[in-house]
1. Please go through the range 260-295 and give me each residue that is charged (D, E, K, R), touching a strand residue (DSSP E or B) at 6+ places or on another chain (Cβ under 7 Å) and more than 20 Å from Gly330 (Cα to Cα), ordered by number.
2. Filter the range 147-180 for residues that are in contact with a His (Cβ under 8 Å, 6 or more places away or on another chain) and at pLDDT below 95 and give the result.
3. Counting only residues that are touching a residue at least 40 places away in the same chain (Cβ under 8 Å), part of a helix (DSSP H, G or I) and either among the aliphatic types (A, V, I, L, M) or in contact with a strand residue (DSSP E or B) (Cβ under 6 Å, 6 or more places away or on another chain) (or both), how many does the range 60-77 have?
4. Pull out all pairs, ordered by first then second residue, where Cβ-Cβ is under 8 Å, the residues are six or more apart or on different chains, the first lies in the range 273-284 and is over 19 Å from Gly197 (Cβ atoms) and at pLDDT 95 or above, and the second is of a type in the set (Lys, Arg) and surrounded by fewer than 19 Cβ atoms within 10 Å (Cβ to Cβ).
5. Out of the residues in the range 205-222 that are surrounded by 23 or more Cβ atoms within 10 Å (Cβ to Cβ) and farther than 16 Å from Gly150 by Cα, which is nearest to ligand 1 (Cβ to nearest atom)?
6. Looking at Pro193, is it in a loop (DSSP other than H, G, I, E, B) and of a type outside the set (D, E, K, R)?
7. Considering the range 243-298 alone, what residues qualify as being among the β-branched types (Val, Ile, Thr), more than 24 Å from the chain's Cα centre (by Cα) and surrounded by 16 or more Cβ atoms within 10 Å (Cβ to Cβ)?
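The values are calculated or read from the model by the stated rules, or taken from the named source; none is laboratory data. No experiment lies behind these values; they were computed from the predicted model shown. Note that each Cβ is placed from the backbone with ideal geometry, even for glycine, and that neighbours are counted across all protein chains shown.
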Amino acid sequence: MATQPAEMTVHSSQPYNAEPPRSALADRELTPVEAFYHRNHAPETPRIDPAAWTLRVDGLVERPATFSLGALRERFAEHTDVVTLQCAGNRRSGLMEVADLPGETPWGPGATGTARWTGVRLADVLRDVGVDPDATDVELVGADVTDEPGEPEPYTVSVPLEKALAPEVLLAWSMNDELLPPAHGAPVRVVVPGWIGARSVKWLERVTVRDAPSDGFFQAVAYRLLPADAAPGRGRGVALGPIAVNADVLAPDDGAEVPAGPTRLTGYALAGGDRTIVRVDVSTDGGASWVQADLDPQAGRWSWRLWHAELDLPVGTTRVVARAWDSAGGVQPADPAELWNPKGYVNNSWAHVTLHAM
Ligand SMILES: Nc1nc2c(c(=O)[nH]1)N[C@H]1C(S)=C(S)[C@@H](COP(=O)(O)O)O[C@H]1N2
Ligand SMILES: [Mo]
């Protein structure tokens, strides 16, 4: 059944940056492609002929190789997994309420989504070409050229070899059982489960095995966590990798008017790296007391965990907050002011919506 296109909030058109409203994500294991956020750094979406596309695999490997899409599909076993992507800038607007972040996209709650991805394992491709013993990192290069570094540069990042060899990392050509759309990286994108969206390179063209992280702008300068008083610069701060435990309320919407009395609240929680979500707490008194939400089973090992809770809302305005706990006992911090950083990443402070009950 065709889904109605969601009302996306468009933050910019070139590059195209857009996010769905909470309601388009609520109560769905899979986010429809039409409602999946778009996060781009180049003004133009590459349009690549899948029949002409090739993937170059080189660097510290025994047998550098070039694969066509057909060769990838013939040579390596196909794998499908449900995986949540989340931009490191998701919920940045909450940090902007603490202090301004000039030039950064003011993402709300929607720079995240979950899809079923099909492709081959990056690990299988790397084993096929033979990785040198002194390799440590795998650079991933997209076809899109961005001006953000000051001079034109293809979108380039890297992941440590250990993650690149993990079975969950896919080179995917399909999203929710359809061919990957051009906007989401056709013909082939990387999917790096548990890691910030920036590492899941779209329009993949080249994989280079190295003995150091990529020098690409989006590895060496952007997507790095800086102390609050530091200025961004090459090699400064820490390159973000695994996602930090996060959660949000997806329904009712922030600012919604609802009938007083029992109200069903739903949302998602996502643990980063190889952690899992073990608990979600909800509070209507600013965190003085908490009730535990019910957790749905996960659609996949690397997908978000949907949760729901029934609250008894009194007439008037209630601010509802929620926080998730992961399997290492990690929990979301209360206050975005504790987290504010000069590029505005990783706002995983308590989720909140304000509801008006009548
Ligand atoms: N080639 C390329 N890959 C990219 C990007 C990009 O700008 N160019 N953006 C990254 C970021 S920051 C995120 S959060 C995800 C977004 O994927 P989506 O647009 O399919 O949601 O793609 C990542 N891969
Ligand atoms: Mo991102």
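1. The answer is Arg264, and nothing else.
2. Glu148
3. 2
4. Partner pairs satisfying both residue conditions: Thr284/Arg319.
5. Ranking the qualifying residues of the range 205-222, first place goes to Val207.
6. Against the criterion (in a loop (DSSP other than H, G, I, E, B) and of a type outside the set (D, E, K, R)), Pro193 qualifies.
7. Within the range 243-298, Val258, Thr263, Thr284 qualify.
For every residue, the table says whether it meets (1) more than 16 Å from ligand 1 (Cβ to nearest atom); (2) free of Cβ contacts under 8 Å to residues at least 12 places away in the same chain; (3) over 18 Å from Ser12 (Cα atoms).
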| residue | (1), (2), (3) |
| --- | --- |
| Arg47 | no, no, yes |
| Gly94 | yes, no, yes |
| Gly110 | no, no, no |
| Gly113 | no, no, yes |
| Gly130 | yes, no, yes |
| Asp134 | yes, no, yes |
